[in-house]
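To start, the structure under review is shown below, and the notes come after it.
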Amino acid sequence: MNGFNAAVDALSGAVFMKVPVLETQIELIVLYLALPMLFFTIWLGFPNVTAVGRALRILKTQPHEGEAKGDVSQWGALSTALSGTIGLGNIAGVAVALTMGGPGAILWMFIIGWFAMTVKMAEVTLGLKYRTFDAQGHVHGGPMYVLKAVGAARGWPKIGLILGGLYAFFALFGAIPMVQVNQSFAQVKVVTGFSNGWAYGTILAGAVALVTLGGAAWLGEVAKRLTPLKVAVYLIGVATVLILHATAIPGALAEIWHGAWSGQAATGGAVGAFVAGMRRAVFASEAGVGSAVMAHSLARARHPVSEGLVALLEPLLGTMIVCALGGLALVVAGTWQGGLEGIAITSAAFAQVSPSFPWLLAVVVVLFAYSTLVAWGFYGLQAWGYLFGNGPRAQWTYKILYIVALPPAAAIDLGRVVGIVDSSFFLMAIPNVIALYLCGGELRRDVREYLATPEED
């Protein structure tokens, strides 16, 4: 275990190498992801303001089966992607952001979530534009296919293949949702006293196996049913905490605001709050990482930008609403300062309402964990298929490896789990952001042309 911990620490140190900026040390990879969020928001004309209404209307007029190519509806693709983004990254992730960067990190998560909307739209638009269909008519898509196609189109086929292969390789590790297993077990342990992490991980892996064998269509059905339920139940709990502490809300909002811009409430000052917010916002929204592209690539969409606009809603729902409200609830409850970590901070806040509320949270986190594990199992399968083919033997090999990899996550400490997950996520972002920059011109042209066309009735 000591060797494993040392390897994780070395990986995290390399990925999150710091550079001096304005006399402050800041992680280079954080800047790498922050810049495209700012650039594409301006470059594409602030669609995170102007196109939100059209994105909502698209869901009302989405094409039915047979009217457009794809395996699932646009709502099904959005729900599948939300199953991966609205998960324990929104519950435990907010708590981790608070302990890393103080209340100011919550404001930065909100701000970054707004910029993340444009990046999510851009990467999903490219994913739909460059997705492929096999002989059976099934869809295969993701940043690796975008990089392969764009490299070939620009006369760099080998570079495209290498970058696509790197993305797929990193995605195999990023597609093991260790935080979900780890933190759902932590909450189950709190409310039940069940302390066998390996047994819990094995049970959860078995439940995931039942769905991963059902294929993408069944995955979409499971995600559609679980996503609204888990979000509604969690937000009910958060709303109850906020109502209980209603008089503390103005002070908490002031603390969040001042913590984001000053050095008082955040480890490392305002920059520390920004870095913590950025890391957790990326994990919560997955914008720039490209993972959700693999889910949206399945959608029956009339135009690539149409699905890009649907994807634009993900950070709005997952980061700007769910994370912001959850973070505010933890600040007013004050449990983030009690020496707890991760999901235990949220559990303590829920316990202030009623002794039964941690049980409610346990149900929610298991639902969050389960649906996220199902979604990410599909993501990993897409990456595996790109590297090793989509034949039955290759798919079964990946599914077995994925299921076997889940139980150990319940037995690893939270700090190492966060290190592994964050490192994998940010490594996936490196080739994905390269694809965005390479396609910046065509992205702006496609978006402008689509937004200029009349809306579907």
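Volume per residue for segment 349-435 equals 135 cubic angstrom (convex hull of Cα atoms).
Sites listed here are chymotrypsin sites (Phe, Trp or Tyr not before Pro) in segment 357-394 whose DSSP assignment is loop and whose Cβ has at most 12 other Cβ atoms within 10 Å, and the list is empty. Note that segment 321-457 presents 38 Å² accessible area per residue, ligands and nucleic acids not counted, probe 1.4 Å.
Of the residues Asp422, Asp134, Asp446, Asp413, the one with the largest accessible area comes first in the ranking Asp413, Asp134, Asp446, Asp422, computed with a 1.4 Å probe on protein heavy atoms.
Rounded to a whole number, what is D in µm²/s for segment 107-247 from Stokes-Einstein with the Kirkwood radius over alpha-carbon pairs (4 °C, 1.567 mPa s)?
Taking Rh from Cα pairs, D becomes 67 µm²/s.
Pairs of Cα atoms in segment 354-399 fall into 10 Å distance bins, from 0 up to the last occupied one, in shares of 26, 31, 20, 15, 8, 1 percent. By the Stokes-Einstein formula, at 0.692 mPa s and 37 °C, segment 274-410 with its Kirkwood radius over alpha-carbon pairs has D equal to 186 µm²/s.
The values are calculated or read from the model by the stated rules, or taken from the named source; none is laboratory data. Note that the coordinates shown come from a computational prediction; the quantities given were computed from them, not determined experimentally. Please note: Cβ atoms are built from the backbone with ideal geometry, for glycine as well, and neighbour counts cover all protein chains shown. Ligands, DNA and RNA are excluded from the accessible area calculation, which covers all protein heavy atoms including side chains. Shrake-Rupley method; radii C 1.70, N 1.55, O 1.52, S 1.80 Å.
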